[in-house]
Amino acid sequence: MNRIEHIDTYYTSLASMQKKFDKFARKNGFVANSVKEFEAWKENTRKILYDLFGMDKFEPCALHAERKDVCMMEDGIRRESYLLEVEEDVFMPFYILFPEEGKQRYHKDGDTVKPACALALHGHSGGGKESVAGRREILAIADAIDKFQYDYGLKLAKSGYITICPDARGYGSRREAALQKDEESAYLNGACFQLSHMAEPLGMTVMGMLTYDLMRLVDYIEKRGEFDMTKLLCVGFSGGGMQTLMLAAMDDRIKECVISGYMYGYKDSLLTLNGNCSCNYVPHLWEHVDMGDIGALIAPRKAVVQSCKADHLNGPRGLVNALEQVAIMKKAYALFNKEECLIHDIREGGHCFHPEVLDILIG
Ligand SMILES: [Zn+2]
């Protein structure tokens, strides 16, 4: 027996909100006609993002990471597990994958030669760093790797990079109470929803948490002093693309990046498609910038944006929604005459990482 009444006509808010987007969005979008104007816009836009992300609320503590464990993986790769205190009582676990001796890639900086280093950042639905680090011995992780080609951290290590794979807040052993279950969906996913409820009424955001933690991780990499910082690479797919975009936009120490599956206009991809994870939704963000504006902050550093033609997250207009945002980025690179440093790598198929992009970047 039917316990509800069928509704024929719905009176929704979407069309009104789309109009409001057109009216109110992007008041600090990228506009610059010279490098000097770009630098002024960049400084102002970074300050806006810093405020919107709630970055002033984070309280750095002494930088210390404890090594917890060491094990050997395939191809002679050594995986070290660490725990970094990013602020008081907040801990970030991460792996460092060391390529086999003799297979490491080195960069020359003046008279010094140091091993190449990369950050490999995870997105959703892959159990945090485990999929990126290629832990196929965990069967749910093996499926996630097959689905999204998620093991780019391990691939980077195989290419000779010392590769750092952190857990974002809310993932793996950083899951909040609601997701601390030995069930596959809880294990693979993250607590962005719970974190955003804790953070936003305090003027903080999940985006801020992710970006702040990564900046502390870069502080740690820098402090170790043994890795090359002149070409520090950051790679991420989907939510990892989001983390890569935000970190590179906010922190000039990221010198090269691959943003895969995360470059599209907010109106189509996060307003019209309004069911994405809470971590994407930063209060007041759209009033100020679109995603391509945030990407423009990376200019003129080397960046590859990877888009898949049938990625449902591109929204109803498909790839054009990605092309429009990359076009904003291109204008910023053109100011520096560095158009060649921004590559838009377009692939067939749906939402998935394509590891061939690493060959484009690394050569
Ligand atoms: Zn999320």
Name, by its number, the condition in (1) touching a residue at least 60 places away in the same chain (Cβ under 8 Å); (2) within 16 Å of the ligand (Cβ to nearest atom); (3) under 18 Å from the mean Cα position of the chain (by Cα) that does not hold for VAL218. (2)
Looking only at the range 200-215, filter to residues that are under 20 Å from GLY240 (Cβ atoms) and either surrounded by fewer than 22 Cβ atoms within 10 Å (Cβ to Cβ) or among the aliphatic types (A, V, I, L, M) (or both); which one of those is farthest from the ligand (Cβ to nearest atom)? MET215
Looking only at the range 153-180, which residues are charged (D, E, K, R), over 19 Å from the mean Cα position of the chain (by Cα) and in a helix (DSSP H, G or I)? LYS158
If only one of SER269, SER278 is touching a Ser or Thr at 6+ places or on another chain (Cβ under 6 Å), under 21 Å from GLY236 (Cβ atoms) and within 16 Å of the ligand (Cβ to nearest atom), which one is it? SER278
Answer yes or no: is there a residue in the range 254-266 that is under 18 Å from the mean Cα position of the chain (by Cα), surrounded by fewer than 19 Cβ atoms within 10 Å (Cβ to Cβ) and more than 16 Å from the ligand (Cβ to nearest atom). yes
Filter the range 167-194 for residues that are within 14 Å of the ligand (Cβ to nearest atom), on the phi < 0 side of the Ramachandran plot, touching a helix residue (DSSP H, G or I) at 6+ places or on another chain (Cβ under 9 Å) and touching a residue at least 60 places away in the same chain (Cβ under 8 Å) and give the result. ASP167, ALA168, ARG169, LEU188, ASN189, GLY190, CYS192, PHE193
If you check MET263 against the conditions, is it under 26 Å from LYS23 (Cα atoms) and in contact (Cβ under 8 Å) with a residue 40 or more places away in the chain? yes
Pairs with Cβ under 6 Å, 6+ apart, first in the range 85-97 and in contact (Cβ under 8 Å) with a residue 24 or more places away in the chain and under 18 Å from GLU59 (Cα atoms), second aromatic (Phe, Trp, Tyr) and surrounded by fewer than 21 Cβ atoms within 10 Å (Cβ to Cβ): GLU85/PHE91; GLU87/PHE58
What number of residues within the range 1-60 are in contact (Cβ under 8 Å) with a residue 12 or more places away in the chain, assigned to a loop (DSSP other than H, G, I, E, B) and loosely packed, with under 14 Cβ neighbours inside 10 Å? 4
Of the residues in the range 200-255 that are small (Gly, Ala, Ser) and assigned to a loop (DSSP other than H, G, I, E, B), the one that is nearest to GLN306 (Cα to Cα) is SER238
Being modelled with pLDDT of 95 or more, in contact with a helix residue (DSSP H, G or I) (Cβ under 7 Å, 6 or more places away or on another chain) and either over 19 Å from GLN243 (Cα atoms) or assigned to a helix (DSSP H, G or I) (or both) is the filter here; which residues of the range 61-87 pass it? ALA65, ILE77
In the range 172-199, the residues that are among the hydroxyl-bearing types (Ser, Thr, Tyr), surrounded by fewer than 23 Cβ atoms within 10 Å (Cβ to Cβ) and closer than 18 Å to GLY54 by Cα: none
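The values are calculated or read from the model by the stated rules, or taken from the named source; none is laboratory data. Predicted model only: the values in this text are computed from it and were never measured. All Cβ positions, glycine included, derive from the backbone under ideal geometry; neighbour counts span all protein chains shown.
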